[in-house]
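Asker: Before we start, here is the structure in question, set down as C-alpha cells.
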Amino acid sequence: MPIALASTDAEISRCFPVMQRLRPHLEAAGFVERVRRQLQEGYRLAYLEDKGEIRSVAGFRIQEMLAWGKILYVDDLVTSDSDRSRGYGGQLFDWLVDHARANGCEQLHLDSGVQRFATHRFYLRKRMEISLHHFSLKL
C-alpha cells in the first residue's frame, strides 16, 4: 500500500477525518491552514491509502536535539477506528522508522497520552521503550 507525503491542499484535507480521531479539537475549516504553517517549521504529514481511502496518518518532523542528536519526532500517528488491527498503523510506523534511518536519524521519538493503553501495547510490540515522562503546563 502506498505511503505518501501530503503536499497539496487536497491531500492535506483528505487526511483530516483520520487525524480528527486523534485530535478531536481540530476543525476541518482551519486544518489545511494549520498544517501549512507547521510545514514551514519542518512538519510533514504522511498518509497510507488503500482502495482510495486514507487509512492511517502520521505527522512528524526531523530535528536535532542536544539530548538525543538527530531524531524523527512523531507528533501524530493515528489509524481510522474502522481500520484498527488491520496492519495499516504498523505499516506506517515501519515507514517512519525507515524514513528516519534514510535521513540519518539516530532515534525515533513520540509522546502518547497516559490513557491510551492499547496504543502503548502497539508501541511496545514495535520495540519502543518508555524512556521518560513528558510534563506540560497550560499557559
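The numbers here are math on the coordinates, done by the rules we state, and not lab data. Keep in mind it's a predicted model, so treat the numbers as computed, not measured. With ideal geometry, Cβ positions are generated from the backbone for all residues, glycine too; neighbour counts draw on all protein chains shown.
Asker: Normalising by the residue count of the chain, find the relative contact order in percent from Cα pairs under 8 Å and 6+ residues apart.
Answerer: Relative contact order, the chain: 20 percent.
Asker: Identify the residues of region 68-84 with backbone N under 19 Å of a label point that sits 7 angstrom from the Cα of Leu5 along the Cα-to-Cβ direction, or state none.
Answerer: Flagged as within label range: 70-78.
Asker: Rounded to the nearest 0.05, what FRET efficiency do Leu39 and Asp81 give with R0 = 30 Å and r taken as the Cβ-Cβ distance? Could you check?
Answerer: Computed FRET efficiency for Leu39 and Asp81 comes out at 0.70.
Asker: Could you give the nm distance between label points at Lys138 and Arg21, where each point is 7 Å from its Cα heading toward the beta carbon?
Answerer: Label at Lys138, label at Arg21, 2.6 nm between them.
Asker: Students often get this wrong, so try it: which of [x] 11, 39, 33, 14, 3, 0; [y] 11, 33, 27, 15, 7, 3, 2, 1, 0; [z] 11, 42, 38, 9, 0 is P(r) over Cα pairs in 10 Å bins from 0, in percent as calculated from the structure shown?
Answerer: [z]
Asker: Additional query: Mind jotting down the distance between the C-alpha centroids of region 75-111 and region 26-67, whole Å?
Answerer: Taking the Cα centre of region 75-111 as reference, the centre of region 26-67 is 12 Å away.
Asker: In a Gaussian network model over the chain where Cα atoms closer than 10 Å are linked, find which of Ala100, Ala67, Ala46 has the largest mean-square fluctuation.
Answerer: Comparing Ala100, Ala67, Ala46 in a Gaussian network model of the chain, the most mobile one is Ala67.
Asker: If exposed trypsin sites (Lys or Arg not before Pro) are those in a DSSP loop with at most 12 other Cβ within 10 Å, what is the longest stretch of the chain that has none?
Answerer: 52-115
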